[in-house]
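Only one structure is covered here, and it is reproduced in the block below.
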């Protein structure tokens, strides 16, 4: 396999790249946060599907989508353009992602069976389009810089912009639905999603223009077989990958249950937007201090600190019951811990890629990022199905006064099960030990690159 020593000519400044990279997650969150927070509610209470139908839809769609993540990673590793490997897909995927986001929140008048088929088609399509723009966000990071501190800064910018996007969706969605819908949630959700999708599409164009793959790629092309050899003996990645199921499973399970919990358990649907806004905006505080902490502590320690704070927030909210001020305090504590944990998670994601290259000589950022994405989709599939089945088990009826068992099922989805997943996540990450040897690995990789020039 022919080696390459080509480095793309530098055309954007460090600050342009930071903002451009961050804008990609702002774009993603304007659309995907709508899916995370409101799609299940939209399907059960607006679209007219039963909870069991939605849970099966989520399970099937997200498992299919997970395999598309792996395929996308392989495609990225085999891509070789003048714009790089990952960067072109910000441009290619922008319009399909935005368009399918709008279609997912449209209610066609085609009967119950027709609507169910429509939901499958549009949600599967949207998830695949999300893969096309989201996997490159992760796989491009090792190519943006080889400086581990700058990677943390880039991830911090990404998280800051993600917080902005998710906060916009959390705070503005329901007011926009009411304002644009004129009393019709069907119309309100459609036009709200249309606004977010147009802005998100334009932001992906901005990202494409303002990032560049500066770090030299070791090989012009990587075969599928070579790409998967990067997994061989990569213990840090194994640990990191398994953790994805539990860390993100907790996030997805809680987010998808939020509107149900505050509508039915607390009896304050107006508070749902406030709590969602806290969950979106407050993590920014944790995200902003992560680069400073990363200069003093190893990444694993920061992850654990964020997880402990996050878990403390769960405890406060559980004890609060229907006490709104205490629920808000718990949500703030939880969100701060989440900001720490997620920011350092995205920074850590590139390190096992370098470890795999160090061990095998193969840089397969696309495949590794794709499998990470696949596992995230598995977590979404399992938690989405779990949430729907729990609602069905509890006897949930859309728009009705809920039974004690239904309220308990909602509480399980929103607080109890997510907290258990956080604890399991911490246990798994206690075995992660790459931080101690990473500086030597990075030094060796830089030496190899210098020898190739």
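Rule-based calculations on the coordinates, nothing more; no lab input. Since we're looking at a predicted model, the values are computed, not measured. As a convention, Cβ positions derive from the backbone with ideal geometry for all residues, glycine included, and neighbour counts pool all protein chains shown.
Once you reduce region 119-157 and region 392-418 to the center of their Cα atoms, the two points are 34 Å from each other. Kirkwood hydrodynamic radius, computed over distinct alpha-carbon pairs, for region 378-444: how many Å, to one decimal? Over region 378-444, the inverse of the mean reciprocal pair distance is 14.7 Å. Relative to the longest principal axis of the Cα atoms of the chain, the long axis of helix 365-394 makes an angle of roughly 10 degrees. Normalised by the number of residues in region 121-280, the mean separation of alpha-carbon contacts (under 8 Å, six or more apart) gives a relative contact order of 30 percent. By how many degrees, between 0 and 90 and to the nearest 10, does the Cα long axis of helix 269-281 differ from the longest principal axis of the chain? With rounding to tens, the tilt is 10 degrees. Taking the C-alpha atoms only, the angle from helix 51-78 to the longest principal axis of the chain is near 10 degrees.
Each label point was placed 7 Å from the Cα along the Cα-to-Cβ direction; for residue 295 and residue 443 their separation is 2.1 nm.
Per residue, the Cα convex hull of the chain amounts to 126 Å³.
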